[in-house]
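Visitor: First the structure, which I've put down as structure tokens, then a few questions once you've had a look.
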Amino acid sequence: MDSLTTALKVAASGLEAQSQRVRVVSENLANAQSTGNTPGAEPYQRKTITFAAALDRASGGSFAEVAEISRDKSAYPLEFHPGHEAADANGMVRMPNVNMLVEMADMREANRSYEANLQVVKQARDLISMTIDLMRSQ
Amino acid sequence: MQPVNLFDLASQQARWLSVRQSAIAGNVANANTPGYAAMDVEPFEKVLKNTSVAMSATHSGHILASTSPARMTVETEQDGVAILPSKNSVSLEDQMLKAGEVGRSFELNTSIVKSFHRMFLMTAKP
């Protein structure tokens, strides 16, 4: 496999990793208010994603892949909702540990990285077509 | 007349540029990978210096010496920018700059090959 094809594939792996990240962010945002339905029940626990570099020996490219999607172990914030079905004896409801600001920042960063990967794909394609143009009769 | 080796030189540079492009692609893809160090190819001058004259086999008893073109080693980038708390040294702006450089050099390279090819054909025309 030549280097330009490797570049395309590596950039595609980056796109895939970043879109997985956006998926996790959207899951977190969608469940930002998902509480339990029994008194004192556990609400939705925020998901986190980590990446790892995988070196492909055949082509020498370092592909990006999702290492793990795990759970955020931080404490749940408590809110006072006495009439809620998940409220405990004191009327407190355990809310998901999702922080909108953190999720937004994460989404922005994923967006930026996705754009950078797209740029690399475009450029690799340009280089390939420049090479093919050499065969065109002038 | 000296033997023309411009085509060889140009294809070697094109190869070096594409190796560099794939290194950049790896860096950009791993821009959010913890512990990843940015990579770059060794400079082109160094690659040219490492190119040794390949011996050709002119007799059936000759063992063909390794005729593979010079290896281009990819090493971790030295001119490190600020490293993030996640121990990742990729700067996207830096990589985009490098990608632009690669694109321009590649364009120059293919244009030179094109015009040289045209000159070559001119000599062949009656």
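Just so you know, all these numbers are worked out from the coordinates, no wet-lab data involved. Not measured: the values here are computed from a predicted model. Positions of Cβ are generated from backbone atoms using ideal geometry, with glycine treated the same way; all protein chains shown enter the neighbour counts.
Visitor: For residue A:114, what charge total do you get from the other residues with a beta carbon under 15 Å from its beta carbon, if Lys and Arg give +1 and Asp and Glu give -1?
Guide: +1
Visitor: Once Rh for the protein assembly as shown is found with the Kirkwood sum over Cα pairs, what is the Stokes-Einstein diffusion coefficient at 20 °C and 1.002 mPa s, in µm²/s?
Guide: Diffusion coefficient, whole number: 97 µm²/s.
Visitor: To continue, here is another question. When the Cα centres of region A:112-136 and region A:82-97 are compared, how far apart do they sit, in Å?
Guide: 54 Å
Visitor: Below 20 Å, Cα to Cα, which lysines can residue A:47 reach? Residues fewer than 8 away in the same chain don't count.
Guide: A:73
Visitor: Where does chain A land on Rg/Rh, using Cα atoms and the Kirkwood Rh?
Guide: 1.24
Visitor: Rounded to whole Hz and in sequence order, give me ³J(HN,Hα) for region B:40-49 from the Karplus expression 6.51 cos²θ - 1.76 cosθ + 1.60, θ = phi - 60°, writing x for Gly and Pro.
Guide: 8, 7, 5, x, 5, 4, 5, 4, 4, 5
Visitor: Using only Cα atoms, tell me the angle between helix A:100-133 and the longest principal axis of chain A; keep it within 0 to 90° and round to the nearest 10.
Guide: Tilt relative to chain A: about 10 degrees.
Visitor: Run the quick spin-label model on residue B:125 and residue A:126: label points 7 Å from Cα toward the beta carbon, then report their separation in nm to one decimal.
Guide: Those two pseudo-labels are separated by 3.2 nm.
Visitor: Could you check the simple spin-label distance between residue A:74 and residue A:32, using points 7 Å along Cα→Cβ, in nm with one decimal?
Guide: A separation of 1.4 nm, rounded to one decimal place.
Visitor: Given a Förster radius of 35 Å and the C-beta distance between residue A:41 and residue A:118 as r, what FRET efficiency does 1/(1 + (r/R0)^6) yield to the nearest 0.05?
Guide: 0.25
Visitor: Amide H neighbours of residue A:48 under 5 Å, counting only residues 5+ apart in sequence or on other chains, H built in-plane at 1.01 Å?
Guide: A:70, A:71, A:72
Visitor: Next question. Could you calculate the FRET efficiency of residue A:90 with residue A:23 from 1/(1 + (r/R0)^6), where r is the beta carbon distance between them and R0 is 35 Å, rounded to 0.05?
Guide: My answer for the efficiency is 0.45.
Visitor: Right, another one. Please return the longest stretch of chain A lacking exposed loop sites, where trypsin sites (Lys or Arg not before Pro) count only if DSSP places them in a loop and at most 14 other Cβ atoms lie within 10 Å.
Guide: By the stated rule (loop sites, at most 14 other Cβ atoms within 10 Å), A:74-135.
Visitor: Evaluate the distance, in nm, between pseudo-label points positioned 7 Å from the Cα of residue B:73 and of residue A:66 along their respective Cα→Cβ axes.
Guide: Once both label points are built, they end up 3.7 nm from each other.
Visitor: For region B:5-11, what does the Karplus curve 6.51 cos²θ - 1.76 cosθ + 1.60, with θ = phi - 60°, yield as ³J(HN,Hα) per residue in whole Hz, taken in order and with x for Gly and Pro?
Guide: Per residue, the Karplus-derived 3J(HN,Hα) values read 10, 5, 4, 5, 4, 5, 5 Hz.
Visitor: Per residue of A:76-83, how many C-beta atoms from partner chains lie within 10 Å of its own C-beta, taken as a mean?
Guide: 0
Visitor: Give me the net charge of residue A:137's neighbourhood, meaning all other residues with Cβ under 12 Å from the Cβ of residue A:137; Lys, Arg count +1, Asp, Glu -1.
Guide: Around residue A:137, the charge tally is +2.
Visitor: As I understand it, the value is the acute angle between the Cα axis of helix A:3-30 and the longest principal axis of the Cα atoms of chain A; what does it come to in degrees, rounded to 10?
Guide: 10 degrees
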